[in-house]
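Undergrad: Take a look at this one; I'll ask things after.
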């Protein structure tokens with residue numbers, strides 16, 4: 001087996017940062033009225049800035065594939081280019097289309113040569129599934145090098161006009177109609193961006209990250225759907241858009257991104273803490289031997305709960321070990337862990353021998369990934 005190193009990282013955030021007071025100027029107001037829950041959600045999630053791939057009129061500036069291709073191209077220079085790459089693995093929650101896959105559309109923009117591809121499905125863990133495939137391909141010797149990506153273009157789904165049909169239907173029966181909380185909640189949580197990693201079977205330059213191990217798991221056998229799009233719950237049954245009359249798609253906001261916050265609060269931290277601690281034990285390492293812990297969290301509301309969860313398991317994390325950028329980058333789903341590691345990689349903080357732990361939960365139906373890296 002080869003050793004595998006992340007030798008380069010990159011990221012791309014579209015347009016200028018959008019502050020909290022300007023969000024509805026871009027996303028719009030459902031029914032022409034400000035959201036009743038926006039300020040509450042923003043106060044809890046701690047996000048101050050985020051990026052949207054939309055202009056002021058709500059038109060898409062960069063597609064998901066374009067965001068991804070830009071991030072990939074930023075990995076390269078005269079020393080290595082995309083034509084030298086053996087594999088491209090692209091993770092995202094919402095591709096630009098149902099099919100072809102996100103990876104082939106990104107490859108089409110990048111051009112150069114035929115290449116091996118993978119497009120894992122999923123939400124926040126989709127980027128880590130791409131990471132895992134790239135890692136295993138180089139580890140096994142099937143590829144000499146690989147690129148993995150995580151990217152999101154969610155803002156078009158958050159626009160107010162996506163909810164207008166449902167709002168009109170509610171207006172017929174309610175004096176003061178309001179979009180259901182599970183639909184409005186994520187409008188103030190999610191944003192756009194892309195990141196990319198270059199994997200090689202040797203170090204490159206002054207800074208490389210050796211991948212020591214990676215673990216993934218799903219608890220879908222135990223837990224119900226928590227975050228979803230393209231479906232609704234009807235009569236306690238999960239109903240796909242494929243089963244619905246097309247007229248229902250708008251009236252019921254089938255394609256809105258929805259979150260069961262009750263399930264989220266009950267399980268996302270508990271299962272994540274258990275999974276991470278089990279794997280630290282499995283690999284015989286504690287947080288006292290790790291220099292930086294990078295957790296993908298959807299909201300700062302969960303940060304203290306995560307810290308306390310580790311403490312209760314006997315795995316305390318010191319304040320100086322945490323590294324996260326949620327407040328000024330936003331929750332970018334599958335791209336978030338890429339954006340965090342890219343920032344740390346280029347920060348000047350990393351020194352030889354430092355260890356970095358990546359933690360990625362996915363609340364969709366409770367999947368998790370964790371990886372340990374060492375600076376070499």
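The values are calculated or read from the model by the stated rules, or taken from the named source; none is laboratory data. Predicted, not measured: the structure shown is a model, and the values here were computed from it. Using ideal geometry, Cβ is built from the backbone for each residue, glycine included, and neighbour counts are taken over all protein chains shown.
Undergrad: Against the condition touching a strand residue (DSSP E or B) at 6+ places or on another chain (Cβ under 8 Å), surrounded by fewer than 24 Cβ atoms within 10 Å (Cβ to Cβ) and part of a loop (DSSP other than H, G, I, E, B), how does residue 156 come out, does it pass?
TA: Values: touching a strand residue (DSSP E or B) at 6+ places or on another chain (Cβ under 8 Å): yes; surrounded by fewer than 24 Cβ atoms within 10 Å (Cβ to Cβ): yes; part of a loop (DSSP other than H, G, I, E, B): no.
No: the conditions fail for residue 156.
Undergrad: Name every residue in region 243-274 that is free of Cβ contacts under 8 Å to residues at least 40 places away in the same chain and within 30 Å of residue 360 (Cα to Cα), in order of residue number. Break it down stepwise before answering.
TA: Going through region 243-274, the residues free of Cβ contacts under 8 Å to residues at least 40 places away in the same chain turn out to be 243-249, 254, 262, 265-266, 270, 274.
Within region 243-274, 254, 262, 265, 266, 270, 274 meet the criteria.
Undergrad: It is to be established whether one or more residues within region 109-116 are over 19 Å from residue 81 (Cα atoms), surrounded by fewer than 16 Cβ atoms within 10 Å (Cβ to Cβ) and without any contact (Cβ under 8 Å) to a residue 40 or more places away in the chain.
TA: The first filter runs over region 109-116 and keeps only residues over 19 Å from residue 81 (Cα atoms), leaving none.
Checking region 109-116: not a single residue is over 19 Å from residue 81 (Cα atoms), surrounded by fewer than 16 Cβ atoms within 10 Å (Cβ to Cβ) and without any contact (Cβ under 8 Å) to a residue 40 or more places away in the chain.
Undergrad: Here's another thing I want to ask about it. Kindly evaluate residue 321 against the criterion of being outside the structural domain of residue 49 (by TED's automatic domain parsing) and within 21 Å of residue 205 (Cβ to Cβ). So that I can check it myself, show each step before the final result.
TA: Working: outside the structural domain of residue 49 (by TED's automatic domain parsing): yes; within 21 Å of residue 205 (Cβ to Cβ): no.
Considered against the rule, which asks whether it is outside the structural domain of residue 49 (by TED's automatic domain parsing) and within 21 Å of residue 205 (Cβ to Cβ), residue 321 comes out as no.
Undergrad: Can you spot a residue in region 346-354 that is at pLDDT 95 or above, outside the structural domain of residue 149 (by TED's automatic domain parsing) and buried (at least 22 other Cβ atoms within 10 Å of the Cβ)? Walk me through it before giving the result.
TA: Initially, region 346-354 is screened for residues at pLDDT 95 or above, giving 346-354.
Remaining after also requiring outside the structural domain of residue 149 (by TED's automatic domain parsing): 346-354.
After this cut, where a residue has to be buried (at least 22 other Cβ atoms within 10 Å of the Cβ) as well, the list is none.
No, region 346-354 contains no residue that is at pLDDT 95 or above, outside the structural domain of residue 149 (by TED's automatic domain parsing) and buried (at least 22 other Cβ atoms within 10 Å of the Cβ).
Each row is one residue, and each column tells you yes or no for (1) in contact with a strand residue (DSSP E or B) (Cβ under 7 Å, 6 or more places away or on another chain); (2) on the phi > 0 side of the Ramachandran plot.
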{"site": "303", "(1), (2)": "no, no"}
{"site": "330", "(1), (2)": "yes, yes"}
{"site": "333", "(1), (2)": "yes, yes"}
{"site": "339", "(1), (2)": "yes, no"}
{"site": "370", "(1), (2)": "yes, no"}
{"site": "376", "(1), (2)": "yes, no"}
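Undergrad: Another question, then. Please verify whether region 288-299 includes one or more residues that are in a helix (DSSP H, G or I) and either in contact with a helix residue (DSSP H, G or I) (Cβ under 8 Å, 6 or more places away or on another chain) or in the same structural domain as residue 43 (by TED's automatic domain parsing) (or both). Write out each step before concluding.
TA: So in region 288-299, the residues in a helix (DSSP H, G or I) come out as 288-289.
Then drop every residue that is not either in contact with a helix residue (DSSP H, G or I) (Cβ under 8 Å, 6 or more places away or on another chain) or in the same structural domain as residue 43 (by TED's automatic domain parsing) (or both), which leaves none.
No, because not a single residue in region 288-299 is in a helix (DSSP H, G or I) and either in contact with a helix residue (DSSP H, G or I) (Cβ under 8 Å, 6 or more places away or on another chain) or in the same structural domain as residue 43 (by TED's automatic domain parsing) (or both).
Undergrad: Output the number of residues of region 301-334 satisfying the condition of being under 18 Å from residue 280 (Cα atoms), in contact (Cβ under 8 Å) with a residue 40 or more places away in the chain and surrounded by fewer than 16 Cβ atoms within 10 Å (Cβ to Cβ).
TA: 1
Undergrad: Please indicate, with yes or no, whether at least one residue in region 226-238 is in a helix (DSSP H, G or I), in contact with a helix residue (DSSP H, G or I) (Cβ under 7 Å, 6 or more places away or on another chain) and not assigned by TED's automatic domain parsing to the domain that holds residue 131.
TA: Going residue by residue through region 226-238, those that are in a helix (DSSP H, G or I) are none.
Checked region 226-238: no residue is in a helix (DSSP H, G or I), in contact with a helix residue (DSSP H, G or I) (Cβ under 7 Å, 6 or more places away or on another chain) and not assigned by TED's automatic domain parsing to the domain that holds residue 131.
Undergrad: Just need a number here: residues in region 77-95 that are in a loop (DSSP other than H, G, I, E, B) and crowded, with 18+ Cβ neighbours inside 10 Å.
TA: At the first step, the residues of region 77-95 found to be in a loop (DSSP other than H, G, I, E, B) are 77-81, 85-86, 93-95.
Restricting the remaining residues to those that are crowded, with 18+ Cβ neighbours inside 10 Å gives 85, 93-95.
So the answer is 4.
Undergrad: Kindly indicate whether residue 53 is over 23 Å from the mean Cα position of the chain (by Cα) and either over 24 Å from residue 135 (Cβ atoms) or free of Cβ contacts under 8 Å to residues at least 60 places away in the same chain (or both).
TA: Numbers: over 23 Å from the mean Cα position of the chain (by Cα): no; either over 24 Å from residue 135 (Cβ atoms) or free of Cβ contacts under 8 Å to residues at least 60 places away in the same chain (or both): yes.
Considered against the rule, which asks whether it is over 23 Å from the mean Cα position of the chain (by Cα) and either over 24 Å from residue 135 (Cβ atoms) or free of Cβ contacts under 8 Å to residues at least 60 places away in the same chain (or both), residue 53 comes out as no.
Undergrad: Within the bounds of region 63-74, is there any residue that is in contact with a helix residue (DSSP H, G or I) (Cβ under 7 Å, 6 or more places away or on another chain), in a loop (DSSP other than H, G, I, E, B) and surrounded by fewer than 24 Cβ atoms within 10 Å (Cβ to Cβ)?
TA: no
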